[in-house]
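Undergrad: A single structure is presented below for examination.
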Amino acid sequence: MAGVTLPIEIHRVPTALYRKPESLRVPGPILSDGINQIYLRDAGEGYLRAARFGWTADRVDPDSYDETVSRAQHDDVRRLVEQRVPAMRRTPSVGGFSAIYDMTPDGHPIVGPVGDIDGFWCDCGWSGNGFASAPAVGAHIAAAITCKTSEVDLSPFAWPRSADATPRPDVSWVRR
């Protein structure tokens, strides 16, 4: 609509649902395991949802994609969750679904002014993580737009990326 092209693709992410083991206390709304690249979060009374996070290689059409989870995908999610939470080995599965995420090639969002259009700013490509960051990032974008100072430097998320930007699909980013 604005004539700006961004390198954002839509990717499918299988999500598994489980009964919550009695022995598990989820420490807050989400358990995010950067080593195994998996998250586990509360999905209502007695249930948990789990999925991989980070860059995925399953590009789809958002208007027509397979919303199911294969047995192999479900087993892969369970294996990763069990590595972090051994109590999940004995909890029953209650199905799953596939969500879609907006992915940039390097796994980082695009935040800031883009293109030659005066006043055109972007905050996109969060790959499913935008809701958690929205209040903080929104405050910093608002400060930048109104020429106020912000204690957070959002320039690493500018588009196009600087030549020294580090891509995130390499899983070693969590171990640096």
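The values are calculated or read from the model by the stated rules, or taken from the named source; none is laboratory data. Worth saying up front: this structure is predicted, and the values here are computed from it rather than measured. Cβ sites come from the backbone with ideal geometry, for glycine too, and all protein chains shown count toward neighbours.
Undergrad: Do we have Tyr39 as among the hydroxyl-bearing types (Ser, Thr, Tyr), part of a strand (DSSP E or B) and closer than 29 Å to Ile110 by Cα here?
TA: Details: among the hydroxyl-bearing types (Ser, Thr, Tyr): yes; part of a strand (DSSP E or B): yes; closer than 29 Å to Ile110 by Cα: yes.
Yes, satisfied.
Undergrad: What is the residue count in segment 121-139 for residues that are surrounded by fewer than 18 Cβ atoms within 10 Å (Cβ to Cβ) and farther than 30 Å from Ser64 by Cα?
TA: Of the residues in segment 121-139, 4 are surrounded by fewer than 18 Cβ atoms within 10 Å (Cβ to Cβ) and farther than 30 Å from Ser64 by Cα.
Undergrad: Which one is surrounded by the most Cβ atoms within 10 Å (Cβ to Cβ), of the residues in segment 1-30 that are in contact with a helix residue (DSSP H, G or I) (Cβ under 7 Å, 6 or more places away or on another chain) and farther than 21 Å from Ala57 by Cα? So that I can check it myself, show each step before the final result.
TA: From segment 1-30, those in contact with a helix residue (DSSP H, G or I) (Cβ under 7 Å, 6 or more places away or on another chain) are 14, 16, 18, 21, 23-24; that's our starting set.
Next, from what is left, pick out any that are farther than 21 Å from Ala57 by Cα: 18, 21, 23-24.
Numbers: Tyr18: 24, Pro21: 16, Ser23: 11, Leu24: 16.
So the residue we want is Tyr18.
Undergrad: OK, next. Go through the residues of segment 94-117 one by one and say whether even a single one is polar (S, T, N, Q), farther than 19 Å from Tyr47 by Cβ and surrounded by fewer than 18 Cβ atoms within 10 Å (Cβ to Cβ). It would help to see each step written out before you state the result.
TA: Quick first cut of segment 94-117, residues polar (S, T, N, Q) only: 98, 104.
If we keep only those that are farther than 19 Å from Tyr47 by Cβ too, we end up with 104.
Pick out the ones that are also surrounded by fewer than 18 Cβ atoms within 10 Å (Cβ to Cβ) and you get none.
No; the residues of segment 94-117 include none that is polar (S, T, N, Q), farther than 19 Å from Tyr47 by Cβ and surrounded by fewer than 18 Cβ atoms within 10 Å (Cβ to Cβ).
Undergrad: Give Arg89, Arg49 a once-over and let me know the one that is without any contact (Cβ under 8 Å) to a residue 60 or more places away in the chain, outside the structural domain of Ser133 (by TED's automatic domain parsing), exposed (fewer than 13 other Cβ atoms within 10 Å of the Cβ) and not in a loop (DSSP other than H, G, I, E, B).
TA: Numbers: Arg49 fails: exposed (fewer than 13 other Cβ atoms within 10 Å of the Cβ).
It is Arg89.
Undergrad: Do the conditions hold for Ala163, that is, is it surrounded by 11 or more Cβ atoms within 10 Å (Cβ to Cβ) and of a type outside the set (D, E, K, R)? Show your work before the answer.
TA: Values: surrounded by 11 or more Cβ atoms within 10 Å (Cβ to Cβ): no; of a type outside the set (D, E, K, R): yes.
It is false that Ala163 is surrounded by 11 or more Cβ atoms within 10 Å (Cβ to Cβ) and of a type outside the set (D, E, K, R).
Undergrad: Sticking with this one: Is it the case, given these coordinates, that Val81 is modelled with pLDDT of 90 or more and touching a helix residue (DSSP H, G or I) at 6+ places or on another chain (Cβ under 7 Å)? Break it down into steps so the answer makes sense when it comes.
TA: Numbers: modelled with pLDDT of 90 or more: yes; touching a helix residue (DSSP H, G or I) at 6+ places or on another chain (Cβ under 7 Å): yes.
In short, yes.
Undergrad: Also: Take the conditions more than 17 Å from Arg12 (Cβ to Cβ) and either modelled with pLDDT under 95 or not in a helix (DSSP H, G or I) (or both) and apply them to Val69. Does it pass?
TA: No: the conditions fail for Val69.
Undergrad: Something else about it: Kindly establish whether Ala43 is surrounded by 17 or more Cβ atoms within 10 Å (Cβ to Cβ) and either under 16 Å from Lys20 (Cα atoms) or of a type in the set (Asp, Glu) (or both).
TA: On the way: surrounded by 17 or more Cβ atoms within 10 Å (Cβ to Cβ): no; either under 16 Å from Lys20 (Cα atoms) or of a type in the set (Asp, Glu) (or both): yes.
Spelling it out, it is not the case that Ala43 is surrounded by 17 or more Cβ atoms within 10 Å (Cβ to Cβ) and either under 16 Å from Lys20 (Cα atoms) or of a type in the set (Asp, Glu) (or both).
Undergrad: Quick check on segment 137-158: of everything there that is in a loop (DSSP other than H, G, I, E, B) and polar (S, T, N, Q), which residue is modelled with the highest pLDDT?
TA: In the first step, residues of segment 137-158 are kept if they are in a loop (DSSP other than H, G, I, E, B); the result is 146-154, 158.
Adding the requirement that they be polar (S, T, N, Q) leaves 146, 149-150.
On the way: Thr146: 93, Thr149: 88, Ser150: 85.
Of everything passing the filter in segment 137-158, Thr146 is modelled with the highest pLDDT.
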